[in-house]
Amino acid sequence: QVQLQESGGGLVQAGGSLRLSCSASGRTFSSYAMGWFRQAPGKERDFVARITWGGDSTYYADSVKGRFTISRDNAKNTVYLQMNNLKPDDSAVYYCAASGSAWTSSANRYNYWGQGTQVTVSS
(Lines give C-alpha, C1' and ligand atoms only; values in the text may rest on other atoms or scores of the structure.)
Protein backbone atom coordinates (compact mmCIF):
# COMPACT_ATOMS: atom_id res chain seq x y z
CA GLN A 1 0.00 0.00 0.00
CA VAL A 2 1.13 3.52 -0.79
CA GLN A 3 -0.30 6.74 0.55
CA LEU A 4 0.33 9.89 -1.46
CA GLN A 5 0.19 13.53 -0.43
CA GLU A 6 0.58 16.42 -2.83
CA SER A 7 1.77 19.90 -1.91
CA GLY A 8 2.99 23.06 -3.58
CA GLY A 9 -0.12 24.27 -5.34
CA GLY A 10 -1.29 27.85 -5.21
CA LEU A 11 -2.14 30.98 -7.15
CA VAL A 12 0.36 32.26 -9.70
CA GLN A 13 0.29 34.74 -12.55
CA ALA A 14 0.57 33.60 -16.14
CA GLY A 15 4.20 33.04 -17.04
CA GLY A 16 5.10 32.11 -13.49
CA SER A 17 6.33 28.84 -12.02
CA LEU A 18 5.33 26.37 -9.34
CA ARG A 19 6.85 23.13 -8.12
CA LEU A 20 4.51 20.43 -6.93
CA SER A 21 5.69 17.69 -4.63
CA CYS A 22 4.13 14.32 -3.90
CA SER A 23 5.34 12.48 -0.82
CA ALA A 24 4.73 8.76 -0.54
CA SER A 25 4.53 6.56 2.51
CA GLY A 26 5.96 3.08 2.63
CA ARG A 27 9.31 1.55 1.83
CA THR A 28 8.53 0.41 -1.72
CA PHE A 29 8.22 3.76 -3.46
CA SER A 30 10.82 2.77 -6.04
CA SER A 31 8.57 -0.13 -7.08
CA TYR A 32 6.00 2.26 -8.51
CA ALA A 33 5.89 4.21 -11.70
CA MET A 34 4.53 7.65 -10.93
CA GLY A 35 2.29 10.02 -12.80
CA TRP A 36 0.76 13.45 -12.54
CA PHE A 37 -2.77 14.13 -13.70
CA ARG A 38 -5.00 17.18 -13.54
CA GLN A 39 -8.69 17.90 -13.52
CA ALA A 40 -10.34 21.23 -14.24
CA PRO A 41 -13.94 21.92 -13.18
CA GLY A 42 -16.41 20.14 -15.43
CA LYS A 43 -13.69 18.28 -17.29
CA GLU A 44 -12.23 14.80 -17.20
CA ARG A 45 -9.03 13.96 -15.39
CA ASP A 46 -6.19 14.34 -17.90
CA PHE A 47 -2.72 12.88 -18.00
CA VAL A 48 0.12 15.38 -17.51
CA ALA A 49 3.41 13.52 -17.05
CA ARG A 50 4.84 10.18 -15.95
CA ILE A 51 8.16 8.78 -14.84
CA THR A 52 9.53 5.26 -14.62
CA TRP A 53 10.39 3.41 -11.47
CA GLY A 54 14.05 4.45 -11.52
CA GLY A 55 13.45 7.86 -13.03
CA ASP A 56 15.34 7.11 -16.23
CA SER A 57 12.44 7.82 -18.59
CA THR A 58 9.73 10.46 -18.66
CA TYR A 59 6.77 11.24 -20.89
CA TYR A 60 4.58 14.33 -21.18
CA ALA A 61 1.27 15.42 -22.56
CA ASP A 62 1.72 17.61 -25.61
CA SER A 63 0.08 20.51 -23.81
CA VAL A 64 2.85 20.70 -21.21
CA LYS A 65 5.88 19.45 -23.14
CA GLY A 66 8.77 21.85 -22.84
CA ARG A 67 7.21 23.66 -19.86
CA PHE A 68 6.78 20.95 -17.21
CA THR A 69 9.39 18.56 -15.82
CA ILE A 70 8.69 15.46 -13.76
CA SER A 71 11.39 14.02 -11.51
CA ARG A 72 11.67 11.74 -8.52
CA ASP A 73 13.93 11.18 -5.55
CA ASN A 74 13.50 7.60 -4.40
CA ALA A 75 15.62 8.22 -1.32
CA LYS A 76 13.06 10.82 -0.22
CA ASN A 77 9.99 8.92 -1.47
CA THR A 78 9.01 12.00 -3.43
CA VAL A 79 8.03 12.85 -6.99
CA TYR A 80 8.07 16.41 -8.29
CA LEU A 81 6.43 18.39 -11.05
CA GLN A 82 8.24 21.58 -11.98
CA MET A 83 5.86 23.81 -13.90
CA ASN A 84 7.23 26.80 -15.80
CA ASN A 85 5.62 29.37 -18.08
CA LEU A 86 2.24 28.58 -16.61
CA LYS A 87 -0.90 29.46 -18.55
CA PRO A 88 -4.48 30.01 -17.37
CA ASP A 89 -5.41 26.72 -19.08
CA ASP A 90 -3.11 24.94 -16.64
CA SER A 91 -5.49 25.80 -13.79
CA ALA A 92 -6.77 22.56 -12.26
CA VAL A 93 -6.50 20.23 -9.32
CA TYR A 94 -3.28 18.27 -9.76
CA TYR A 95 -3.05 14.69 -8.58
CA CYS A 96 -0.12 12.36 -8.26
CA ALA A 97 -0.64 8.66 -8.75
CA ALA A 98 1.31 5.43 -8.39
CA SER A 99 1.19 2.41 -10.66
CA GLY A 100 2.60 -0.88 -9.50
CA SER A 101 2.11 -2.70 -12.76
CA ALA A 102 2.51 -0.41 -15.73
CA TRP A 103 4.17 2.72 -17.02
CA THR A 104 1.21 4.33 -18.68
CA SER A 105 -0.75 7.50 -19.36
CA SER A 106 -4.05 5.75 -18.56
CA ALA A 107 -5.47 6.86 -15.25
CA ASN A 108 -7.27 3.57 -14.73
CA ARG A 109 -3.93 1.73 -14.53
CA TYR A 110 -2.84 3.68 -11.46
CA ASN A 111 -3.51 1.99 -8.16
CA TYR A 112 -3.04 4.82 -5.69
CA TRP A 113 -3.95 8.50 -5.78
CA GLY A 114 -3.33 11.55 -3.67
CA GLN A 115 -6.06 13.98 -2.72
CA GLY A 116 -4.87 16.67 -5.07
CA THR A 117 -3.53 20.21 -4.87
CA GLN A 118 -5.12 23.23 -6.51
CA VAL A 119 -3.19 25.23 -9.08
CA THR A 120 -4.71 28.50 -10.26
CA VAL A 121 -3.07 30.61 -12.95
CA SER A 122 -4.36 34.14 -13.38
CA SER A 123 -4.14 36.01 -16.66
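The values are calculated or read from the model by the stated rules, or taken from the named source; none is laboratory data. Quantities reported herein were computed from a predicted structural model and do not represent experimental measurements. All Cβ positions, glycine included, derive from the backbone under ideal geometry; neighbour counts span all protein chains shown. Keep in mind that these areas ignore ligands, DNA and RNA; they rest on the heavy atoms of the full protein, side chains included. Shrake-Rupley method; radii C 1.70, N 1.55, O 1.52, S 1.80 Å.
Across region 75-87, a minimum of one residue is classified as at pLDDT 95 or above, open to solvent by 40 Å² or more (accessible area, probe 1.4 Å) and closer than 12 Å to TRP36 by Cα.
Scanning region 95-116 for residues that are touching a Leu at 6+ places or on another chain (Cβ under 9 Å) and surrounded by fewer than 20 Cβ atoms within 10 Å (Cβ to Cβ) returns TYR112, TRP113, GLN115. If you check ALA49 against the conditions, is it under 10 Å from the mean Cα position of the chain (by Cα) and over 15 Å from GLN5 (Cβ atoms)? Yes, satisfied.
Taking each residue of region 41-52 that is small (Gly, Ala, Ser) and looking for partners that are crowded, with 20+ Cβ neighbours inside 10 Å and not in a strand (DSSP E or B) with beta-carbon atoms closer than 9 Å, six or more apart or interchain, yields ALA49/VAL64.
Residues in region 1-48 that are in contact with a Leu (Cβ under 9 Å, 6 or more places away or on another chain) and among the charged types (D, E, K, R) were compared, and the one that is nearest to PHE68 (Cα to Cα) is ARG19. Test SER31 against the criterion of being open to solvent by 50 Å² or more (accessible area, probe 1.4 Å), more than 25 Å from GLY10 (Cα to Cα) and free of Cβ contacts under 8 Å to residues at least 12 places away in the same chain, and give yes or no. Considered against the rule, which asks whether it is open to solvent by 50 Å² or more (accessible area, probe 1.4 Å), more than 25 Å from GLY10 (Cα to Cα) and free of Cβ contacts under 8 Å to residues at least 12 places away in the same chain, SER31 comes out as no. Annotation: ALA92 fulfils all but one of (1) in contact with a strand residue (DSSP E or B) (Cβ under 9 Å, 6 or more places away or on another chain); (2) surrounded by fewer than 19 Cβ atoms within 10 Å (Cβ to Cβ); (3) over 23 Å from SER25 (Cβ atoms); the unmet one is (2). The set of residues in region 40-55 that are closer than 13 Å to CYS96 by Cβ and open to solvent by 60 Å² or more (accessible area, probe 1.4 Å) contains only ARG45.
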